[in-house]
Amino acid sequence: MTKMNGTDANRVIIFDTTLRDGEQSPGASMNLEEKLRIAAVLEEMGVDVIEAGFPIASEGDFEAVSEIAKVVKKSTVAGLARATRADIERAGEAVKHAERGRIHTFIATSPLHMQYKLQMEPEKVLERITESVTIARNLVDDVEWSAEDGSRSEHDFLCRCVEAAIKAGARTINIPDTVGYAVPDEYAALIGMLMNRVPNADQAIFSVHCHNDLGLAVANSLAAVKAGARQVECTVNGLGERAGNCSMEEVVMALRTRQDAMPYSTGIDTTHITRASRLVSSITGFPVQPNKAIVGANAFAHESGIHQDGMLKHAQTYEIMTPESVGLTKSKIVLGKHSGRNAFKTKLEEMGYKLGDNALNDAFKRFKDLADLKKDVFDEDLVALVDEETRVNDRINLVSLEIRCGTVHRPPHASMELEIDGQVKACEATGDGPVDAAFNAIKALFPHDARLQLYQVHAVTQGTDAQAEVTVRLDDHGERTAQGAAADTDTMVASVKAYVNALNKLLTKREKKAPEALSA
Ligand code: KIV
Ligand code: ZN
C-alpha cells in the first residue's frame with residue numbers, strides 16, 4: 001500500500017491540469033485573468049495540486065504560473081518542465097513564491113519516443129532523469145517525475161527509470177498513458193508491477209495521467225487507483241490534448257458514489273463541480289455535450305414516463321447521485337429589475353461567487369442592464385453574466401454595434417466601433433447575412449487572415465428573451481486554433497463579442513511557441 005507521509009493511505013490526491021494539458025486542447029486558450037479565476041475555483045473546491053502551466057512555453061505561461069503561485073494558498077502549484085536545465089530553472093522561478101510549489105519534469109521512456117522523437121539512447125535518457133530530477137530537487141522539495149508514453153514503455157527499462165527518479169529525489173512518480181492506448185486491467189497491472197518491482201517504490205506516491213483517445217481515461221485511472229496509485233491527474237470537463245484527459249468530475253464522483261467498490265477518498269467538495277465546469281466551458285468556449293456524465297445538461301434529466309414515475313415514488317430508483325451533490329440547483333427566477341445590490345451579492349455568494357468590490361459593481365451594472373432587457377433573471381443568466389467579465393488585457397474590444405437585416409433587397413449591413421490597442425475605430429460593412437456583415441466589419445477594422453471554423457449559437461435559458469451564448473472558433477491556416485465565447489440577450493452582440501474573444505486568444509497564442517521535443 002502506498003505510504004502517504006502519515007496521512008490516510010486511501011486518500012487519492014487530485015492533480016488538476018486544466019490550465020496546462022487542458023489548455024493544450026486544440027482551440028482552447030486562456031488569458032492570465034481567466035486562469036486566475038479558474039485556479040481560485042479549483043483551490044476552493046479542494047484540488048490538491050494545480051498544474052498552472054508550462055513556464056518555458058511563453059512569457060504568458062510563466063506569468064500565469066507565477067501569479068497563481070502567489071495567490072493560491074491551500075493547493076500545491078506545479079509548473080511543467082522538460083528534462084533540461086533551462087526548463088527546470090524557469091519552472092522553479094515560476095513556483096518560487098508558492099506556499100507549496102512543485103516542479104513537474106518529464107521525459108519520454110518508450111522505444112518509439114526515444115528513437116524517433118528524442119533520438120536518444122535509453123542509457124542517455126536514464127542519465128537525463130537523474131540529472132533533471134537532481135536539478136529540480138535543488139530548487140524545490142516537491143518534485144514530480146513523469147515517464148512520457150509510460151504505458152508503452154518496456155517494463156525492465158521503466159523500472160530502472162522510476163528507480164533512478166526516486167533515488168534522485170522525486171516524491172511523485174507519474175506514469176502517463178500519453179496516447180490513450182491502455183486498457184484498464186493492463187494499466188492497473190503496470191502500476192502494480194512498478195510498485196512491486198522497483199526497490200525504492202515505497203518512497204514515492206504513484207500517479208496516473210490518462211488520455212481519452214479510446215474513451216477509457218476514467219476507467220484506466222480508477223483501475224490504477226485500485227492497483228495502488230494515489231494521485232490522479234485530470235481536467236475539468238475532460239479538456240485536453242486530442243480527445244482530452246481523464247475528467248475530474250467523473251473520477252471524483254465515481255469514487256464518491258461507489259465507496260462500496262472503491263473505498264478511497266478525495267479532498268474535493270463536489271458541490272463546486274457544476275460551477276467549475278461552467279466556468280471552464282465559458283472561458284474556453286468549449287460547450288459541454290448535453291449527455292456528458294455529471295455535468296451535461298441532461299445528466300440529471302428524466303425524460304421517459306416510467307423513469308419520471310419511479311423518480312416521484314423514490315428518487316433512488318433512477319438517481320445514483322443527487323443533483324445537489326454536484327452543486328446543481330433547479331433553474332428558478334432569482335432576481336428582477338427591482339432587486340438591489342445586496343440581494344444580487346447574496347445570490348452570487350450562494351452560488352459560490354465571491355467578487356471583489358470593483359468586480360461586484362461591474363457585475364451589478366451588467367445585471368441591471370440585463371434585467372432591463374429580460375424580465376426574469378435565472379441562475380444560468382447570472383453565471384453567464386459573471387463569466388462574461390470585461391477582458392482587461394484584450395487588445396480588441398467591442399464598443400458599439402448596429403445591424404440591419406430583413407427580407408427587402410438591400411444587403412445586410414453592420415456599423416461597428418471597436419477599441420483596438422486603446423484607440424476607437426469605426427466602419428461600415430455589408431455581407432451575405434447579418435453575421436457575415438458583422439464579421440466583415442471586424443475584418444475591415446482589424447485586418448487579419450484567420451479563418452472561421454465554427455460558429456455556434458445556443459440559448460442560455462428558455463424564452464425569446466433568453467441570452468444567446470455564441471461560440472466561435474478561428475484558425476490560423478492549420479497552425480493554431482482559438483475558440484471564443486460570449487453571451488448576450490442580443491444574438492448579434494454575442495456573435496461579435498465571441499468572434500473578438502476568439503481573435504484576442506489567437507493573438508495571444510501567436511506569442512506562444514510550442515516547446516519542441518528534446519534531442520540528444
Ligand atoms: O500526456 C502526457 O504524457 C503529459 C506529460 C507531460 C505528463 O501530459
Ligand atoms: Zn497529457
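Looking at region 63-178, what helices (runs of 4 or more DSSP H) fall wholly within it and have at least 1 residues that are among the basic types (Lys, Arg) and touching a strand residue (DSSP E or B) at 6+ places or on another chain (Cβ under 6 Å)? Outline the logic, then answer.
Details: elements: 85-94, 122-139, 155-167.
Answer list for region 63-178: 122-139.
Please find, within region 188-202, the residue that is surrounded by the most Cβ atoms within 10 Å (Cβ to Cβ) out of those that are under 26 Å from ASN245 (Cα atoms) and touching a residue at least 40 places away in the same chain (Cβ under 8 Å). Please lay out each step first, then the result.
Filtering region 188-202 down to residues under 26 Å from ASN245 (Cα atoms) leaves 188-195, 201.
Now narrow it down to the ones that are touching a residue at least 40 places away in the same chain (Cβ under 8 Å): 190, 195.
Working: LEU190: 23, MET195: 19.
So, considering only residues that are under 26 Å from ASN245 (Cα atoms) and touching a residue at least 40 places away in the same chain (Cβ under 8 Å), the one surrounded by the most Cβ atoms within 10 Å (Cβ to Cβ) is LEU190.
Taking the stated definitions as given, is LYS513 farther than 21 Å from VAL399 by Cβ, at pLDDT below 85, part of a loop (DSSP other than H, G, I, E, B) and of a type in the set (D, E, K, R)?
Working: farther than 21 Å from VAL399 by Cβ: yes; at pLDDT below 85: yes; part of a loop (DSSP other than H, G, I, E, B): yes; of a type in the set (D, E, K, R): yes.
Criteria met by LYS513.
Which condition number in (1) surrounded by 20 or more Cβ atoms within 10 Å (Cβ to Cβ); (2) away from ligand 1 (no atom under 16 Å from the Cβ) is the one that LYS292 fails?
Here LYS292 clears every test but (1).
Against the condition closer than 29 Å to LYS505 by Cβ and modelled with pLDDT under 80, how does MET351 come out, does it pass?
On the way: closer than 29 Å to LYS505 by Cβ: yes; modelled with pLDDT under 80: yes.
So MET351 passes the test.
Based on this model, can you work out whether LEU239 counts as at pLDDT 95 or above, buried (at least 24 other Cβ atoms within 10 Å of the Cβ), of a type in the set (A, V, I, L, M, F, W, C) and over 15 Å from the mean Cα position of the chain (by Cα)?
For LEU239, the condition - at pLDDT 95 or above, buried (at least 24 other Cβ atoms within 10 Å of the Cβ), of a type in the set (A, V, I, L, M, F, W, C) and over 15 Å from the mean Cα position of the chain (by Cα) - is not met.
Got a number for residues in region 284-294 being assigned to a helix (DSSP H, G or I) and of a type in the set (Gly, Ala, Ser)?
0
Collect the residues in region 14-29 that are within 15 Å of ligand 1 (Cβ to nearest atom), outside any loop (DSSP other than H, G, I, E, B), under 11 Å from VAL232 (Cα atoms) and of a type outside the set (Asp, Glu), keeping them in residue-number order.
If the condition is that a residue be within 15 Å of ligand 1 (Cβ to nearest atom), outside any loop (DSSP other than H, G, I, E, B), under 11 Å from VAL232 (Cα atoms) and of a type outside the set (Asp, Glu), then PHE15 is the only one that fits.
Within region 426-477, how many residues turn out to be assigned to a loop (DSSP other than H, G, I, E, B) and aliphatic (A, V, I, L, M)?
3
Can you confirm whether SER25 is more than 21 Å from GLY92 (Cβ to Cβ), within 16 Å of ligand 2 (Cβ to nearest atom) and surrounded by 21 or more Cβ atoms within 10 Å (Cβ to Cβ)?
yes
Report the residue count in region 114-125 for those that are under 32 Å from the mean Cα position of the chain (by Cα) and either surrounded by 16 or more Cβ atoms within 10 Å (Cβ to Cβ) or within 18 Å of GLU163 (Cα to Cα) (or both).
Of the residues in that region, 4 qualify.
Just checking, does region 223-230 include any residue being assigned to a loop (DSSP other than H, G, I, E, B), more than 11 Å from ILE14 (Cα to Cα) and within 16 Å of ligand 1 (Cβ to nearest atom)?
To start, the set of residues in region 223-230 that are assigned to a loop (DSSP other than H, G, I, E, B) comprises 227-230.
Restricting the remaining residues to those that are more than 11 Å from ILE14 (Cα to Cα) gives 227-229.
Within this subset, residues satisfying the condition of being within 16 Å of ligand 1 (Cβ to nearest atom) are 229.
Within region 223-230, one or more residues are assigned to a loop (DSSP other than H, G, I, E, B), more than 11 Å from ILE14 (Cα to Cα) and within 16 Å of ligand 1 (Cβ to nearest atom).
Taking ASP48, is it of a type outside the set (A, V, I, L, M, F, W, C) and more than 16 Å from ligand 1 (Cβ to nearest atom)? Don't jump to the end; show me each part of the working.
Values: of a type outside the set (A, V, I, L, M, F, W, C): yes; more than 16 Å from ligand 1 (Cβ to nearest atom): yes.
Judged against the criteria, ASP48 is a match.
Can you tell me which residues in region 245-283 are crowded, with 24+ Cβ neighbours inside 10 Å and outside any helix (DSSP H, G or I)?
Within region 245-283, ASN245, CYS246, SER247, ILE268 qualify.
The values are calculated or read from the model by the stated rules, or taken from the named source; none is laboratory data. All values reported here derive from a predicted model rather than from experimental measurement. FYI the Cβ positions are ideal-geometry reconstructions off the backbone, even for glycines, and counts take in every protein chain you see.
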